[in-house]
Amino acid sequence: MASVLNIGERLEAIVDLCPTTKIIADIGCDHGYVTAELILEEKADMVIATEKSQDCLNKAILLADSINVTPFVSFRQGDGFEPITKYDKINCAVIAGMGGIEIIKILENRPKKLYNFVLQPMRDAPMLRQYLVNNGFEFVVDKLIKEGDKFYDVMRVTKGHSQLVDLEIYFGKDNFKENYEVFYEYLTARQKKLMDLKASVGELRQQLEQELTYINKAIALFEEIASEN
Ligand SMILES: C[S@@+](CC[C@H](N)C(=O)[O-])C[C@H]1O[C@@H](n2cnc3c(N)ncnc32)[C@H](O)[C@@H]1O
């Protein structure tokens, strides 16, 4: 759905994946666009917006004030879930726009009973997926979205059991079932980038070489499916 604040495809996808519920936490809210949009779209009655940086939190406070959503937001400074107390009955938390390893660190200290998350890692998505599989999460949605010429992983997870094959751990399960156009565009663009890099430097470092191997496997799989249809 188009956002009220015109926040762009990445943030729109994050808001769209949030359930309509009572209390959502926006961990690492920065500018506060997700927080504000959640209230404007009536996705949550209340948002708890947290930030480890007071300067960033101040941006979110100013934004909320400028569009009159302040009464519906609790702003709190602190690391991850540290500013959330046991009295805050959070139904879902957004952790977006940071690295997968940072997201894992934050998830390690989540409220014990909280399993509903919307996650948007900027890197190390395979590591995050493996962590989620190992820690009792199920993927409700896990797909790539495109904004401008950039691609982003967006995920909604809940409590459950997931079995993902290697390629799904690497790229997310929904890209193989639907979302073909965006995914194929991503794969071919990234393949070209890595091949060009390899041609100019001679050898890729191990992590990038492994990524290229998975990209080639995924493209081969697509071509096999296309040739059967
Ligand atoms: C790039 S911004 C992303 C903001 C927004 N969530 C988005 O997706 O556009 C990342 C924000 O997360 C905050 N952050 C990073 N690690 C954090 C942590 N452990 N606890 C709270 N905030 C954190 C940073 O201060 C920064 O403002």
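Using only the alpha-carbon atoms of the stretch 9-162, report the extent along each of the three principal axes, biggest first, to the nearest angstrom.
40, 40, 27
Modelled label-to-label distance, Thr188 and Lys59, 7 Å Cα→beta-carbon offset: nm?
So the two model labels end up 3.5 nm from each other.
Pulled fully out, how much extra length does the chain show between Lys177 and Leu40, if you take 0.36 nm times their separation in residues and subtract their Cα-Cα distance?
Numbers: separation 137, 0.36 × 137 = 49.32 nm, distance 3.19 nm.
Going from the current span to full extension adds 46.1 nm.
What aspartates and glutamates does Lys217 reach when the alpha-carbon gap must be under 14 Å and sequence neighbours fewer than 8 apart in one chain are set aside?
Asp166, Glu168, Glu209
Distance in nm between label sites at Thr70 and Asp88, each 7 Å beyond Cα in the beta-carbon direction?
With each label point 7 Å from Cα toward Cβ, the separation is 2.0 nm.
Quick check for the stretch 29-145: number of Lys pairs with alpha-carbon distance under 19 Å, counting only pairs 8 or more apart or on different chains?
For the stretch 29-145, qualifying lysine pairs total 7.
Report, for the chain, the % of DSSP beta bridges that are antiparallel, rounded to 5.
40 percent
Using only the alpha carbons of the stretch 86-164, what is the convex hull's orientation-averaged projected area in square nanometres?
Averaging across all directions leaves 5.3 nm² for the Cα convex hull.
Of Tyr214, Tyr87, Tyr33, which is the most mobile in a GNM of the chain whose springs link Cα atoms less than 10 angstrom apart?
So, out of Tyr214, Tyr87, Tyr33, the one fluctuating most is Tyr87.
For the stretch 28-97, what class follows from the C-alpha gyration tensor (a ≥ b ≥ c being the square roots of its eigenvalues): rounded when a/c is under 1.5, otherwise prolate if a/b is larger than b/c, else oblate?
Taking the square roots of the gyration eigenvalues as a ≥ b ≥ c, the stretch 28-97 is oblate.
Here, each number is a calculation from the coordinates, and none is a lab measurement. Predicted model, so just to flag it, every value in this text is computed and none were measured. Here the Cβ is made from the backbone with ideal geometry for all residues, glycine too, and neighbour counts use every protein chain on show.
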